[in-house]
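Right, one structure below, let's go through it.
The values are calculated or read from the model by the stated rules, or taken from the named source; none is laboratory data. Bear in mind the structure is a predicted one, so any value in this text is a computation, not a measurement. Here the Cβ positions follow ideal geometry from the backbone for every residue, glycine too, while neighbour counts run over all protein chains shown.
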Amino acid sequence: MIIADTGAIIALVDADDRHHQALRKLYEEDPDQWLLPWAVLPEIDYLLAQHVGQRAADEFLADLATRAFAVEWGEQADLVRATELCTRYKSLRLGLVDGVVMAVAERKHASAIATVDARHFGAVVLRGRPKILPRDLGA
């Protein structure tokens with residue numbers, strides 16, 4: 001299972017993004033392995049509309065409605081774990097979205113997190129030690 005962060009989905013959609021090809025290849029290998037935590041949805045919607053275009057945001061919403069992407073709606077324990085991570089790694093200023101993505105990755109025993117934010121995700125030690133993609137593709 002691959003837990004997707006906001007930046008990975010933006011890069012997947014935006015052909016001009018430097019990570020687009022690597023993430024597209026990863027996604028196309030097994031799209032059913034990708035899971036989007038609920039917390040990334042508003043951020044993706046906003047960033048697609050602002051930086052890629054309203055059409056991309058509308059298409060993403062349609063994809064969600066047709067279940068092209070699986071969504072993890074979360075548990076209370078995810079918020080508890082996100083708070084623990086944000087507190088432990090306070091200097092990184094992770095925030096709700098990154099914290100929830102990490103918490104879901106731990107709870108679901110994900111093999112990887114798709115993210116372009118290697119600075120935050122690479123600095124945090126998570127249970128199960130999921131790979132950070134595309135950073136760890138060669139590893």
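Observations, loosely collected:
Yes/no per residue for (1) under 16 Å from the mean Cα position of the chain (by Cα); (2) farther than 19 Å from residue 135 by Cβ; (3) of a type outside the set (Lys, Arg):
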| residue | (1), (2), (3) |
| --- | --- |
| 74 | yes, yes, yes |
| 83 | no, yes, yes |
| 89 | no, no, yes |
| 94 | yes, no, yes |
| 98 | yes, no, yes |
| 103 | yes, yes, yes |
| 106 | yes, no, yes |
| 109 | yes, yes, yes |
| 112 | yes, no, yes |
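- Residue 4 being in contact with a Phe, Trp or Tyr (Cβ under 6 Å, 6 or more places away or on another chain), hydrophobic (A, V, I, L, M, F, W, C) and surrounded by 19 or more Cβ atoms within 10 Å (Cβ to Cβ): yes
- Residues being over 17 Å from residue 10 (Cβ atoms) and of a type in the set (Asp, Glu) - total across region 85-120: 1
- Test result for residue 49, over 21 Å from residue 134 (Cα atoms) and surrounded by 15 or more Cβ atoms within 10 Å (Cβ to Cβ): yes
- Those residues of region 117-139 which are assigned to a loop (DSSP other than H, G, I, E, B) and under 12 Å from the mean Cα position of the chain (by Cα), in sequence order: 117, 134
- The set of residues from region 35-57 being in contact with a helix residue (DSSP H, G or I) (Cβ under 8 Å, 6 or more places away or on another chain), closer than 15 Å to residue 10 by Cα and assigned to a loop (DSSP other than H, G, I, E, B) comprises just one member, 39.
- Counting only residues that are within 16 Å of residue 123 (Cα to Cα) and either at pLDDT below 95 or assigned to a helix (DSSP H, G or I) (or both), region 58-96 holds 10 of them.
- Any hit, region 57-75, residues being over 19 Å from residue 100 (Cβ atoms) and surrounded by 18 or more Cβ atoms within 10 Å (Cβ to Cβ): yes
- Residue in region 15-28 that is in a helix (DSSP H, G or I), surrounded by fewer than 21 Cβ atoms within 10 Å (Cβ to Cβ) and of a type in the set (Ser, Thr, Tyr) present: yes
- Note on region 19-47: residues that are without any contact (Cβ under 8 Å) to a residue 60 or more places away in the chain, over 10 Å from the mean Cα position of the chain (by Cα) and over 18 Å from residue 1 (Cβ atoms) amount to 8.
- Residue list for region 97-116, filter: in a loop (DSSP other than H, G, I, E, B) and touching an Asp or Glu at 6+ places or on another chain (Cβ under 6 Å): 115
- Counted residues, region 121-139 - those being charged (D, E, K, R), in contact with a helix residue (DSSP H, G or I) (Cβ under 6 Å, 6 or more places away or on another chain) and over 19 Å from residue 11 (Cα atoms): 1
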